[in-house]
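Only the coordinates and a few stated rules stand behind these numbers; no lab work does. Values in this document were obtained by computation on a predicted structure and should not be read as measured data. Don't worry about glycine lacking a Cβ; one is built from the backbone with ideal geometry, like all the others, and counts go over all protein chains shown.
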């Protein structure tokens, strides 16, 4: 049986910041959406945040009440991975950036999903081909890299693995557009396009901070006003998570060489537990976020 090209059911694995955002745009885009995580507490928190974000969109006139109610009606929660994925035509993984964890998740999904289901990873830097090799369907495996916050950011990088076929790419592209996104096609390589460039910018900003060239706020201000970046590099890294950025840099350093060696100051911040907005303190402090 071939791939079902008209996707109507999407499962999202992982209810963290990225997973809940993907579930938000999937439900709003008209898909029956199942959000899965092992933590019932995290699932409830994710649902509450999705509802909050939809309410905000209604309050500023971007959505109607009926749009919001319809989206929430299409969203269900499930703490069992196999059950969440068994009926899905597209499964998008959004678990932490650890290859061992992702390989385990995809091995389980491969067993649980229908033969025609497409599997996708939201990884920002790891190998799509390596993850696909944990399944019996590498031709139906693809990268769909969303950006935080997912309900506001327009881009999805679609990454082909070594054996990804054209039907799978077409599904990922069509689904992304129904979610309100624009897409770019990327050949697999470490860090793809955006993570590779963004890692360099953020790492160089940390070196400048370490060397006392300017303050964090002035470096952010310079890139926003001088280069027209919507966010400064430190604002971005606090949003993404310093631990996540360090993990990406370590991977890029290993695969692409010395220019990606993490700045020692970034390493120190992570060791100190300054991981960004999610814990209330990163480069900046966020007293109401912890």
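For the chain, modelled as a GNM whose springs connect Cα atoms under 10 angstrom apart, the maximal fluctuation among 224, 178, 154 occurs at 224. For the chain, the longest principal axis of the Cα atoms and the long axis of helix 166-178 meet at an angle of about 70 degrees. Mean separation of Cα pairs under 8 Å and 6 or more residues apart, divided by the residue count, gives the chain a relative contact order of 14 percent. With neighbours defined as other Cβ atoms within 10 Å of a residue's Cβ, the residues 91, 150, 58 order from fewest to most as 58, 150, 91. Panel values: segment 108-152, Kirkwood radius from alpha carbon pairs, Stokes-Einstein at 25 °C and 0.890 mPa s, translational diffusion coefficient 215 µm²/s. Comparing mean-square fluctuations of 72, 101, 239 from a GNM of the chain with C-alpha springs under 10 Å, the top value falls on 101. Report the rotationally averaged projected area of segment 194-279 based on its alpha-carbon convex hull, in square nanometres. Taking a quarter of the hull surface, the average projection is 5.4 nm². In a Debye calculation with equal point scatterers on the alpha-carbon sites of segment 210-258 and no solvent, what is log10 I(q)/I(0) at q = 0.20, 0.30 Å⁻¹? At q = 0.20, 0.30 Å⁻¹ the computed log10 ratios are -0.80, -0.97. Only beta bridges with both residues in the chain are counted; by DSSP, about 20 percent of them are antiparallel. Counting beta carbons within 10 Å around each of 68, 99 and listing the fewest first gives the order 99, 68. Between helix 242-256 and the chain there is an angle of about 90 degrees, using the helix long axis and the longest principal axis of the Cα atoms.
Computed from Cα positions, the angle between helix 40-59 and the longest principal axis of the chain comes to roughly 80 degrees.
Which of 221, 187, 62 moves most in a GNM of the chain, Cα contacts under 10 Å? So, out of 221, 187, 62, the one fluctuating most is 62.
Taken over the C-alpha atoms, segment 9-187 has Rg and Dmax values of 15.1, 46 angstrom.
Sorted fewest first by neighbouring Cβ atoms within 10 angstrom, 192, 106, 147 come out as 147, 192, 106.
Per Stokes-Einstein, at 20 °C and 1.002 mPa s, what whole-number D in µm² s⁻¹ belongs to segment 36-102, with the Kirkwood radius over Cα pairs as the hydrodynamic radius? Calculated translational D: 156 µm²/s.
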